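Report on the structure given below.
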Amino acid sequence: MMANKNLRVAEKTIQRIAEREGVPVEHVRQQIRIAMLTGLCSTDPELKAFWDSVPHEADIPTPEELITYISRKIITDSLICRRWPS
């Protein structure tokens, strides 16, 4: 289960996108879902591996689960790059 703090951060992120774009929050969620379904339906093995790595409670990830996963991945990858520069 996604921690409440992570859920709030992801929800706030969606809210900020909606405000920036001047659209309702539900519109942003729907657009994220459409993009997610496009990726989830891909036959590309690399994309399948990515989607399999996204933690989710239901059959498919929620926009919040995706945002949380990607955020953590960016932070982790950034820390690794800092620790072992090329």
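The values are calculated or read from the model by the stated rules, or taken from the named source; none is laboratory data. All values reported here derive from a predicted model rather than from experimental measurement. Cβ placement follows ideal geometry from the backbone for every residue including glycine, while neighbour counts extend to all protein chains displayed.
Before moving on, here are some points about what is shown:
- Scanning region 4-61 for residues that are among the aliphatic types (A, V, I, L, M) and closer than 16 Å to Arg72 by Cβ yields Leu7, Val9, Ala10, Val54.
Residue-wise test of (1) at pLDDT 95 or above; (2) of a type in the set (A, V, I, L, M, F, W, C).
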| site | (1), (2) |
| --- | --- |
| Met2 | no, yes |
| Gly22 | yes, no |
| Gly39 | no, no |
| Ala58 | no, yes |
